[in-house]
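Engineer: Starting off with a structure, shown below.
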Amino acid sequence: QVQLVESGGGLVQAGSSLRLSCAASGRTISSYDMGWFRQAPGKEREFVAAISRSGSSTDYADSVKGRFTISRDNAKNTVYLQMNSLKPDDTAIYYCAAAWRVTTGQRGYEYDYWGQGTQVTVSS
């Protein structure tokens, strides 16, 4: 089992940047594929980004590609989401997740462990 704790959310203005962190405990994240998801009020949870165990492969939702970067530091047992050029539509609760195995990494049900989320609010 893995415990995940997100941090780094906040209130920022459009065009600014934030870096979210997901700190894991219980097991090394090197055993897991990791992902970020988000959920805005009244909307479905949606995929944001994913990264393979070694960090050699990444994937992004079209809505964030070119603006967001997912990375991991297995030595620190931490996954990051660097968010640049933030837009009001990025406002959501952001969750990190860990999976023993994924097929695409883009579906929530593929993940076994979830953090409690961190709020990101982008003002226009």
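The values are calculated or read from the model by the stated rules, or taken from the named source; none is laboratory data. Predicted, not measured: the structure shown is a model, and the values here were computed from it. As a convention, Cβ positions derive from the backbone with ideal geometry for all residues, glycine included, and neighbour counts pool all protein chains shown. All accessible areas refer to the heavy atoms of the entire protein, side chains included, with ligands and DNA or RNA removed. Shrake-Rupley method; radii C 1.70, N 1.55, O 1.52, S 1.80 Å.
Engineer: I'd like the full set of residues that are surrounded by fewer than 21 Cβ atoms within 10 Å (Cβ to Cβ) and of a type in the set (G, A, S), limited to the stretch 84-98. Give the derivation first.
Structural biologist: Residues of the stretch 84-98 surrounded by fewer than 21 Cβ atoms within 10 Å (Cβ to Cβ): 84-85, 87-89, 91, 93.
Hit for the stretch 84-98 is S85, nothing else.
Engineer: Give me the pairs, please: first residue somewhere in the stretch 19-40 and at positive phi, second residue anywhere and modelled with pLDDT of 95 or more and not charged (D, E, K, R), beta-carbon distance under 6 Å, and either six or more positions apart or on two chains.
Structural biologist: Here the result reads G26/Q3, each pair linking the stretch 19-40 to a residue that is modelled with pLDDT of 95 or more and not charged (D, E, K, R).
Engineer: Could you tell me which of the residues S57, S85 is closer than 26 Å to L11 by Cα, out of contact with any helix residue (DSSP H, G or I) (no Cβ under 9 Å at 6 or more places or on another chain) and small (G, A, S)? Don't jump to the end; show me each part of the working.
Structural biologist: Working: S57 fails: closer than 26 Å to L11 by Cα.
Residue meeting the stated conditions: S85.
Engineer: While we're looking at this one, here's another question. Conditions first: (1) more than 11 Å from the chain's Cα centre (by Cα); (2) open to solvent by less than 60 Å² (accessible area, probe 1.4 Å). F47 passes all but one, so which condition is the exception?
Structural biologist: (1)
Engineer: What are the pairs, 6+ residues apart or on separate chains, where a residue within the stretch 83-105 that is assigned to a loop (DSSP other than H, G, I, E, B) has its Cβ under 7 Å from a residue that is polar (S, T, N, Q)?
Structural biologist: Listed pairs, sorted by first residue: N84/S17; L86/S16; L86/S17; T91/T121.
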